[in-house]
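One structure coming up, written as structure tokens, with questions to follow.
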Amino acid sequence: MYYPFSWFRSLSRLAVILAGAAAVGGYLDALFETLALVTLMLLGWHYWQLYRLHRWLWHSKKMTPPRTRGVWEHIYEGVYYLQRRNRNKRKELGALVKRFREGSEALPDAAVVVDAASCIVWCNRLARIELGLRWPDDAGRRIDNLIRHPEFIEFFHQGHFDHPIAITSPTNMEKILEYRMMPYGEQHILLVARDITRISQLEDMRKDFVANVSHELRTPLTVLNGYLEMFAGGTQSMPDEFVRKAFTEMSEQSVRMQSLVEQLLVLSRIEASSERIYEKMVDVPAQMQTIESEAQTLNKEKGHQIEFHIDPNVKVFGVETELRSAFSNLIFNAVHYTPNGGHIRVDWRLEQGQARFSVTDNGEGIAERHLARLTERFYRVDKARSRKTGGSGLGLAIVKHVLSHHNSKLEISSEVGKGSCFSFRFSPELTVVSSEEAQR
Ligand code: ADP
């Protein structure tokens, strides 16, 4: 029969034993000796219970505790209850881990968990296939010792995991994998690798198609343009008003088409550009002088007040033609889209060790909803007006690609009725200040 534990019952039992011992001791006239003997026997019994507990915990295969009585019965039951509870918890956790592992095995991507010391904690089946990892042999090995691609190692050590990288698979050179790293918990990282071979092939096909079409259209357009220019000179002498109008329109549209094709080609070239940006220094202040005189020519009709504030000591590493295209697109856009007599300010200066370019105008501004889409190809806020200015909607797409090639990003702030500011900055590694030049 199991009774719940009670201090009162335990102490009463002890009192009864000691009283019995005292009575017997008094009767035998050996009170102290009898009490000492009974206390020793009690101590011996407790040690015996301790010994049984130790044997049961460490050496017995039986789950159920040995039978006993009194306070030790409660201790055994308590330990047995804790063991059962832990066993159930372990079972639940085991089932949870099993479910998680089954779920992650069903992932269409390779997944690897890496700890703070860059060692592999766990990986799924696809990681073994796509990344060539062996499980469990590679558990505890450094991931950068197993995936040896230099780009991967640089990406992993840089620790900037806000963007993915695409590199060839370590097991198959024809496959392209996109690696994403997601830090979580106590400096653990979840690495996910996805096969993007097909997407990247399609992307290459798209780029090739645009580049080829633009290239093929160039020659027929040049011929058409040539003839139209020849005839255009003689439109005054043409008898029919309709024919005259048609020739003028054809000339204008063919020029527009030619500039569209040229811009598409520029965009394709920049997209496919593998030119190294750290090799050549670009003299931006000198470029600005040329662009300023071109902008003033363009400004003749518009009559804007254009100010150039250029720091002659600030230069950058980059691709000269690409940067020129980015600067001029932004400056000419400000000239085109600011209503006559506006104010345009161009700045090129050093800010916290970074070269910063900005064009600010007091034109009509751009509504918030357009801002995120402005750098998309062919996106125009006002198609009719943009067409009138000869705009193709490719200018800002070109700027975006140039900047992404130079590890930078276009920032646009604009307020309707007040004007716009287009700006970007170069990282300190790309920025060169004249005093540093001699040291480089
Ligand atoms: P486009 O060749 O048509 O100028 P862009 O890509 O250069 O194409 O510009 C996209 C659109 O952004 C333009 O159609 C225009 O509406 C708007 N835009 C660009 N720059 C400015 C500016 N400085 N002020 C107002 N709108 C601008």
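Values quoted throughout were computed directly from the atomic coordinates according to the rules given, and no laboratory measurement underlies them. Note that this is a predicted model, so its numbers are computed, not measured. Please note: Cβ atoms are built from the backbone with ideal geometry, for glycine as well, and neighbour counts cover all protein chains shown.
Just to confirm a number: summing +1 for Lys and Arg and -1 for Asp and Glu over residues other than S427 whose beta-carbon lies under 13 angstrom from that of S427, what do you get? Please list the in-between numbers first.
On the way: positive: R356, K409, R425; negative: E351, E429.
Around S427, the charge tally is +1.
Helix 197-232 against the longest principal axis of the chain: what's the angle in degrees, Cα atoms only, rounded to the nearest 10?
Around 10 degrees separate the two axes.
When N is the residue count of the chain, what does its C-alpha Rg come to as a fraction of 2.2 N^0.38 Å? Kindly include the intermediate steps, with their values, before the conclusion.
Details: Rg = 40.7 Å, N = 440, 2.2 N^0.38 = 22.2 Å.
In units of the globular-protein estimate, the chain measures up at 1.83.
Compute the distance from the alpha-carbon center of the range 204-280 to that of the range 365-384, in whole Å.
23 Å
How big is the gap, in Å, between the Cα center of the range 117-133 and the Cα center of the range 12-61?
A separation of 62 Å, based on Cα centres.
Quick one: dipole size for the range 7-92, taken about the Cα centre, charges +1 on Lys/Arg Cβ and -1 on Asp/Glu Cβ, in debye to the nearest 20.
Using Cβ point charges on Lys, Arg, Asp and Glu, the range 7-92 gives about 1020 debye.
Using a Gaussian network for the chain with springs between C-alpha atoms less than 10 Å apart, which of these wobbles most: G417, G363, G78?
Its mean-square fluctuation being the largest, the pick is G78.
Let me ask something additional. Would you mind computing the Rg to Rh ratio of the range 318-440 from its alpha-carbon coordinates, Kirkwood style for Rh? Mind dumping the intermediate values first?
Details: Rg = 15.2 Å, Rh = 15.2 Å.
With Rg and the Kirkwood Rh in hand, the quotient comes to 1.00.
Just to confirm a number: summing +1 for Lys and Arg and -1 for Asp and Glu over residues other than A232 whose beta-carbon lies under 14 angstrom from that of A232, what do you get? Before the final figure, lay out the partial values.
Numbers: positive: R244, K245; negative: E229, E249, E252.
Here the charged neighbours net out to -1.
If you find the alpha carbon centre of the range 293-327 and of the range 332-364, how far apart are they in angstrom?
With the range 293-327 and the range 332-364 each reduced to a Cα centre, they are spaced 9 Å.
Right, next: Expressed in whole Å with the largest first, what are the equivalent ellipsoid semi-axes of the range 141-271 derived from the C-alpha gyration tensor as the square root of 5 times each eigenvalue?
Working: eigenvalues 619, 42, 21 Å².
Its equivalent ellipsoid spans semi-axes of 56, 14, 10 Å.
Turning to a different aspect of this structure: Extent of the range 113-207 along each principal axis, from alpha carbon coordinates, in Å, largest to smallest?
Rounded to whole Å, the extents work out to 42, 27, 21 Å.
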